[in-house]
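> Attaching a single structure in structure tokens format; questions to follow.
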Amino acid sequence: MNITVVLHEPRDLVNIAAAVRAMANMGLERLTLVDPAEFDPWRITGIAHRTDHIVEAATLAGSLEEALADATCVVGTSARPRTAQRNYRRPRELAPRMLRRARRGRVAIVFGREDRGLSNDALDLCHEVMVIPTAPGYASLNLAQAVLLVAYELLMAGPDAHEALPAGKRSLGAATSAELEEMYQALEAGLDRAAFFRARKPESVMRILRTVFGRTALDAHEARMIRSIGYQVRNRLERAEGSGPRPATEDPPQPSG
């Protein structure tokens, strides 16, 4: 991704490390440090583990002008709007635009020093200024928090935001219509044996259950588990009542794993 995080005059090495970790979490890899108070790659990677690829490739600049010289889009960050009128934007609005601009040239996102942020002179070098929304009365963000929030919005505006969420180790994929029907039949059999329908209409109860489970997008493993509950209720009550052997429709053995 052709986006560079520029830390302008960072004072605390721990904050640098935390910002680097935030970058790694969200897929940003380009870092420029402008006149840092301290820069020790070994200590930074000791705090932010598995970030050697970012720290080793980081560049040091003596001035913000030098750091931004080859950038075609510069976005500054500020905790609050200033007196001067600027092109203020929210991160969610700017993120898609920054990704589009990154296809044509280098985009730089500038973060100010921890104690006072970016000066007006620094903001003058920025084409737009990003203001992260916060609760009233507490606008100041930790440097790494600001980097993480902006990097997160970039991630969510990109293609990786649409990747499938991780599935459980026992997930067998979505339950088929046939598997769901077997589940409902087992539930109905168990409820019937428990005399649940004595004062209720079976079709009304089952319609409610279908509606509820229809909202959950059950996977096959879940559907089989619920089916087993229905069969177990029925079988246990039949054994307790001494009504003979289990019927042939007993739930089959479950696969291991």
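> Suppose a student asked you for the relative contact order of the stretch 1-151, using Cα pairs under 8 Å spaced at least 6 residues apart; what percent would you report?
Normalised by residue count, the contact order of the stretch 1-151 is 33 percent.
> Tell me the carbon and sulfur percent of the accessible area for the chain, rounded to whole percent, probe radius 1.4 Å.
Exposed carbon and sulfur together represent 52 percent of the surface.
> In whole Å, what are the Cα extents of the stretch 9-63 along the three principal axes, biggest one first?
Projected onto its principal axes, the Cα set of the stretch 9-63 covers 27, 18, 15 Å.
> Considering only 6, 62, 45, whose Cα is most displaced toward the positive end of the charge dipole of the stretch 1-104, charges sitting on Cβ of Lys, Arg (+1) and Asp, Glu (-1)?
My answer, from the dipole projection, is 6.
> Only Cα pairs under 8 Å and at least 6 apart count here; give the relative contact order of the chain as a rounded whole percent.
19 percent
> Just to be sure I understand: of the beta bridges DSSP finds with both ends in the chain, what percent are antiparallel, rounded to 5? Before the final figure, lay out each step's value.
Working: 2 of 26 bridges.
Here the share of antiparallel DSSP bridges comes out near 10 percent.
> So what's the back-of-envelope 222 nm ellipticity for the chain, counting only DSSP H runs of four-plus at -39500 (n - 2.57) apiece and dividing by all residues, rounded to 500?
Per the formula, -13500 deg cm²/dmol.
> Now a separate question. What's the angle, to the nearest 10 degrees (0 to 90), between helix 13-26's Cα axis and the longest principal axis of the chain?
Once rounded, the angle reads 50 degrees.
> Magnitude of the Cβ-charge dipole of the chain, K/R +1 and D/E -1, about the Cα centre, nearest 20 debye?
Value, rounded to 20: 1080 debye.
> Further question: Per residue, how much accessible area does the chain have with a 1.4 Å probe, in Å²? List each step's numbers first, then the result.
Numbers: 15080 Å² over 257 residues.
Ligands and nucleic acids excluded, the figure is 59 Å² per residue.
> Quick one: length gained pulling residue 57 to residue 11 fully straight, 0.36 nm per residue minus the C-alpha distance?
Full-extension gain reported as 14.5 nm.
> By what distance, in whole Å, do the Cα atoms of the stretch 26-159 stretch along each of the three principal axes, largest value first?
41, 35, 30
> With 29 Å as the cut-off, how large is the P(r) tail for the chain, expressed as percent of Cα-Cα pairs? Each step should come with its number before you reach the end.
Working: 16887 of 32896 pairs.
Roughly 51 percent, rounded to a whole number.
> Continuing with this model, one more query. Measure nothing fancy, just the Cα-based angle from helix 91-102's long axis to the longest principal axis of the chain, in degrees from 0 to 90, nearest 10.
Result, in degrees: 70.
> In whole Å, what are the Cα extents of the stretch 1-103 along the three principal axes, biggest one first?
Reported extents, whole Å, longest axis first: 41, 27, 25.
The values are calculated or read from the model by the stated rules, or taken from the named source; none is laboratory data. Quantities reported herein were computed from a predicted structural model and do not represent experimental measurements. No Cβ is skipped: glycine too gets one built from the backbone with ideal geometry, and neighbour counts run over all protein chains shown. These accessible areas exclude ligands, DNA and RNA; they are computed on the full protein's heavy atoms, side chains included. Shrake-Rupley method; radii C 1.70, N 1.55, O 1.52, S 1.80 Å.
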